[in-house]
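Here's the structure we're looking at; comments come further down.
Just so you know, all these numbers are worked out from the coordinates, no wet-lab data involved. Since we're looking at a predicted model, the values are computed, not measured. Don't worry about glycine lacking a Cβ; one is built from the backbone with ideal geometry, like all the others, and counts go over all protein chains shown.
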Amino acid sequence: MEQGNLYEAIYKRKSVRRYDLEPLNLSLLEEISSYMQSIPPFFPEIKTEMRIFEQADVRILLPIKAPHFLLFYSENKDGYLMNAGYMLEQLDLYLSSRGIGSCYLGMAQPKKNAKKSSSLECVMILAFGIPVEPAHRSSLSEFKRKSLPQITDIQDNGPLLEAVRLSPSATNSQPWFFTGNPYILHAYCIKLNLIKAAAYEKMNKIDMGIAICHLELAARHLGKTVTYSFEGNAKNLAPEGYYYVISIHINESPPANMV
Ligand SMILES: Cc1cc2nc3c(=O)[nH]c(=O)nc-3n(C[C@H](O)[C@H](O)[C@H](O)COP(=O)(O)O)c2cc1C
């Protein structure tokens, strides 16, 4: 994952819902497209595509008007929604770091042409463009988020879980909980009842990918490397009301003379 300014963007990004409807200039759009092509996936074996469309190509319930809409398509395989969140959040942070506004639109749907433009499933739409409202938050107090003890029982959690805490999520539900220790964190997602699951189960899986993207960026910022595993033991120890997603190992980077 490209480090760049993505980590800094975690602490100021916000969803932008009001845009200048003038399209971005071509060279900026080309830069964005080329960044999109470089985004590392969480699961490299899952095929994905990203394409940029206009307002006329998407059906949106809420009246959000924007000059551009990124459609994220994916193969429907185990972990594909988490992979989508992990990749899209890198784009969200990249756009924010460039002063370009964006907003996930979980309730939007592609119209016929946009749907047909890929053989893969359209899993998320992201509106983007030049904001006509502030592009950034100016302080942490502007984030409406749960407190750290509401999302983890790890005492010595440092800045990693703070970066997770600030992650965006559908309806701001923040469905994550982390147990473990500062070296091995186990990620869990809230269980939903049948009615809520119909609307939000998919969204929560995307949210988990977003949170893991923030965690990885924070770890790398501290000079650590990150690896992932599925631990049977962590699955059995899921907190009440949550299901297990993945374990994150925070490793010291090898000294430069060993690389
Ligand atoms: C998976 C996902 C789906 C979302 N869907 C919508 C949506 O349909 N409409 C909308 O206005 N915002 C949507 N959002 C934006 C969230 O409401 C927003 O991220 C959350 O309230 C936190 O606010 P912030 O992004 O400004 O920090 C979505 C966010 C995520 C991560």
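Please list the helices of the chain that count as membrane-span-like by this rule: a mean Kyte-Doolittle hydropathy of at least 0.0 together with Cα atoms stretching 30 Å or more along the helix axis, each helix being a complete DSSP H run. Before the final figure, lay out each step's value.
Numbers: long enough: 194-221 (39 Å, 0.29).
Helices meeting the criterion: 194-221.
Once the piece of chain linking V132 and R59 is laid out straight, how much longer is it, given 0.36 nm per residue of separation minus the C-alpha distance between them?
Gain in length upon complete extension: 24.1 nm.
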Completion exercise
For the stretch 102-259, the dipole about the Cα centre with charges only on Cβ (Lys and Arg +1, Asp and Glu -1), to the nearest 20 debye, works out at 720
Practice task
Check cross-link reach from K77 to the lysines: straight Cα distance under 20 Å, and skip same-chain residues fewer than eight apart.
Solution key: K47, K115, K116, K202, K205
Practice task
For the chain, just the Cα atoms, rotate onto the principal axes and tell me the three extents in Å, largest first.
Solution key: 48, 48, 38
Practice task
Run the dipole for the stretch 1-154 about the Cα centre, Lys and Arg Cβ at +1, Asp and Glu Cβ at -1, nothing else charged, and hand back the magnitude in debye, nearest 20.
Solution key: 580
Fill in the blank from the handout: In deg cm²/dmol, rounded to the nearest 500, the helical mean residue ellipticity at 222 nm of the chain, built from -39500 (n - 2.57) for every DSSP H run of length 4 or more, is -10000 deg cm²/dmol
Practice task
Can you pull the one-decimal nm distance between simple spin-label points at K77 and K191, each 7 Å off the Cα toward Cβ?
Solution key: 2.9
